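Just below is one structure, and these are the notes that go with it.
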Amino acid sequence: MHDQGAHTRARARVQLGIALALGFVVCGGGARLTAQAAASRTDPALQRLQGEIAALAKISKGTVGVAIVHLETGRTVVLNGTDAFPMASTFKVPVAVQLLTRVDRGDLRMDSLIALRPGDLHPGSGTLTQLFNQPGVELSVRNLMDLMLRISDNSAADLMLRTAGGAQAVTARLRALGVNGIRVDRPTVRLIADYIGIPNLPSDTVSPAEFRVLAKAVPDSVSQAAATAFERDPRDQATPEGMAALLEKIWRGKALSPASTELLLDVMHQCLTSDNRIRAMLPPGTPVADKTGTLGGGDRIRGAGTQNDVGIIDLPDSAGHVITVVLVKGEDDEKRGERAIAQIARAAYDYFLASPDGSFGAPTPAARR
């Protein structure tokens, strides 16, 4: 008998291949960043960079948190570095770290197949919903991780969170690495429900259609109050220094095996959602391994939008690598938040390219686009 399910799974894997081809007082690492930032305040040139970043942060009408670290020299600049910000989809980086930790331990294989169930399709960044809303589809862990990081698919993220052992396992792994200032608590479906004020979400397996009905039933005033409260909720938040500490652990190979480190950074270099953020004002082709995050952006909720980008910029001419963490909260205008991120990233790029070893004075800013 012809195996229709096998045919469906094979076709789905082909479709996926095509789709992907298109395409702060904290301890641990955060405490070290705090000390580096304090030392940087004695460097007049870094003080000027600090002043430039503080001025650029005012592009946004929200609150901006920044952590910049030149990995080769340890020079650090922070702004609101110990304040907590909603992570939005930047939480997918800690999820990937825990997922790959399980691979390194032999508990999981990247080519393991995961069958998609109707309840696995969730709202937001819905590539899985659009491409694979059919029974019998199986995707590999590697494909799902790619979707989670490259195009920020929320359905893939929730599947990977579950496969990684859940939110508590992710946060526990961060603590084991000595990374504080980051906590992961909820799958995206529940996080978004809390943000827009859906009361008592029936389960984490609610379908996108059911979710839309529940969301539409929430009065605008309730959504506004929920989003405002969301920013004060300690769950699923990160400090700029905490996120920078995690990225440094990844880059230095202290979080994962060499093979998993290379894989994670390679996928992050292929991020498709950051053209208007860290990458926007950098010279074309500048390698960046990053992950974005966004909440809000509509007319329904005001004053509680989030725009984030966290990553590592590769400088040319052997000038090194720059961790760039920019988190924005309380910003109504997504484009305005993105401009702040792009300008801050370019300021850091200019400075460390002009002074890769700290021996030069203030940078000569390159022409802004």
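Results, tabulated for the structure shown:
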| read-out | value |
| --- | --- |
| All positions within region 244-260 that are touching a Lys or Arg at 6+ places or on another chain (Cβ under 9 Å) and closer than 19 Å to PRO287 by Cβ | GLU248 |
| Of all residues in region 148-164 being under 13 Å from the mean Cα position of the chain (by Cα) and in a helix (DSSP H, G or I), the one that is nearest to SER260 (Cα to Cα) | LEU149 |
| Residue ID - nearest to the chain's Cα centre (by Cα), chosen from residues in region 80-116 that are under 29 Å from GLU331 (Cα atoms) and in a loop (DSSP other than H, G, I, E, B) | MET87 |
| Residue match in region 296-303 (condition: buried (at least 19 other Cβ atoms within 10 Å of the Cβ), on the phi > 0 side of the Ramachandran plot and assigned to a loop (DSSP other than H, G, I, E, B)) | yes |
| Only one of GLY136, GLY119 that is assigned to a helix (DSSP H, G or I), modelled with pLDDT under 95 and over 27 Å from LEU265 (Cβ atoms) | GLY119 |
| Number of positions in region 198-229 that are surrounded by 12 or more Cβ atoms within 10 Å (Cβ to Cβ) and farther than 25 Å from LEU128 by Cβ | 9 |
| Residue that is farthest from ILE313 (Cα to Cα), among those in region 53-88 that are surrounded by 21 or more Cβ atoms within 10 Å (Cβ to Cβ) and β-branched (Val, Ile, Thr) | VAL64 |
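Here's the yes/no breakdown for (1) assigned to a loop (DSSP other than H, G, I, E, B); (2) not polar (S, T, N, Q):
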residue: ALA229; (1), (2): no, yes
residue: PRO234; (1), (2): yes, yes
residue: GLY242; (1), (2): no, yes
residue: LEU247; (1), (2): no, yes
residue: ALA255; (1), (2): yes, yes
residue: SER260; (1), (2): no, no
residue: LEU263; (1), (2): no, yes
residue: ASP266; (1), (2): no, yes
residue: ASN276; (1), (2): yes, no
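Yes/no matrix, rows are residues, columns are (1) assigned by TED's automatic domain parsing to the domain that holds GLY166; (2) at pLDDT below 95; (3) closer than 24 Å to VAL78 by Cα; (4) under 18 Å from the mean Cα position of the chain (by Cα):
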{"residue": "ILE182", "(1), (2), (3), (4)": "yes, no, yes, yes"}
{"residue": "ASP185", "(1), (2), (3), (4)": "yes, no, no, yes"}
{"residue": "VAL189", "(1), (2), (3), (4)": "yes, yes, no, yes"}
{"residue": "LEU201", "(1), (2), (3), (4)": "yes, yes, no, no"}
{"residue": "GLU210", "(1), (2), (3), (4)": "yes, yes, no, no"}
{"residue": "ALA215", "(1), (2), (3), (4)": "yes, yes, no, no"}
{"residue": "GLU248", "(1), (2), (3), (4)": "no, no, yes, yes"}
{"residue": "ALA259", "(1), (2), (3), (4)": "no, no, no, no"}
{"residue": "GLU262", "(1), (2), (3), (4)": "no, no, no, yes"}
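The values are calculated or read from the model by the stated rules, or taken from the named source; none is laboratory data. These numbers were taken from a predicted model, which means no experiment stands behind them. Positions of Cβ are generated from backbone atoms using ideal geometry, with glycine treated the same way; all protein chains shown enter the neighbour counts.
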